[in-house]
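Here it is, the structure in full.
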Amino acid sequence: MLRIHSLALAARHAKDRGYGTLGSIPLVVIARGNMASPSSQDDLTWRARQEKLATLSSNSLFLVANNSGHVIPLDRPDVVADAVRRILQSGGAKLAER
């Protein structure tokens, strides 16, 4: 997972520098649902970066995993499995919102 995260960050920074996008490759970005109340500036900045990451592909979804912390696969494996299922079922077609 660290490798995928690192590749995604590298792609985001490349786009920031004007080097392009991921085209229409299916991409699902999942954000944690639990944030400080009120939200800290760090939380808001991180969320904005995640939303921007989702713009790297013209075929992307941005999901919030409610009731999850930083380790989404442990807190909400159902959300991760659903994201993978959506990508596999799309067969490269546009990902559908639910």
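The values are calculated or read from the model by the stated rules, or taken from the named source; none is laboratory data. Model, not experiment: these values are computed from the prediction. Cβ atoms come from the backbone with ideal geometry, glycine included; neighbour counts cover every protein chain shown.
Quick one: which of Leu88, Leu61, Leu56 is free of Cβ contacts under 8 Å to residues at least 40 places away in the same chain and touching a strand residue (DSSP E or B) at 6+ places or on another chain (Cβ under 7 Å)?
The unique qualifying residue is Leu61.
If we keep just the residues of the range 58-98 that are over 11 Å from Ala31 (Cβ atoms) and among the hydroxyl-bearing types (Ser, Thr, Tyr), which is surrounded by the most Cβ atoms within 10 Å (Cβ to Cβ)?
Filtering first and then ranking leaves Ser60.
Sticking with this structure for a sec: Working carefully through the options Arg32, Arg12, find the one that is modelled with pLDDT of 85 or more and charged (D, E, K, R).
On the way: Arg12 fails: modelled with pLDDT of 85 or more.
The match here is Arg32.
Continuing with the same structure: Quick one: which residue in Asp82, Asp75 is more than 15 Å from the chain's Cα centre (by Cα), modelled with pLDDT of 90 or more and of a type outside the set (Phe, Trp, Tyr)?
Being more than 15 Å from the chain's Cα centre (by Cα), modelled with pLDDT of 90 or more and of a type outside the set (Phe, Trp, Tyr) holds for just one of Asp82, Asp75, which is Asp75.
Is there a residue being in a helix (DSSP H, G or I), on the phi < 0 side of the Ramachandran plot and among the hydrophobic types (A, V, I, L, M, F, W, C) anywhere in the range 88-98?
Within the range 88-98 (the criterion being in a helix (DSSP H, G or I), on the phi < 0 side of the Ramachandran plot and among the hydrophobic types (A, V, I, L, M, F, W, C)), the answer is yes, since at least one residue qualifies.
Those residues that are in a loop (DSSP other than H, G, I, E, B) and either modelled with pLDDT of 85 or more or surrounded by fewer than 13 Cβ atoms within 10 Å (Cβ to Cβ) (or both), I need them from the range 35-45; list them, please.
Ala36, Ser37, Pro38, Ser39, Ser40
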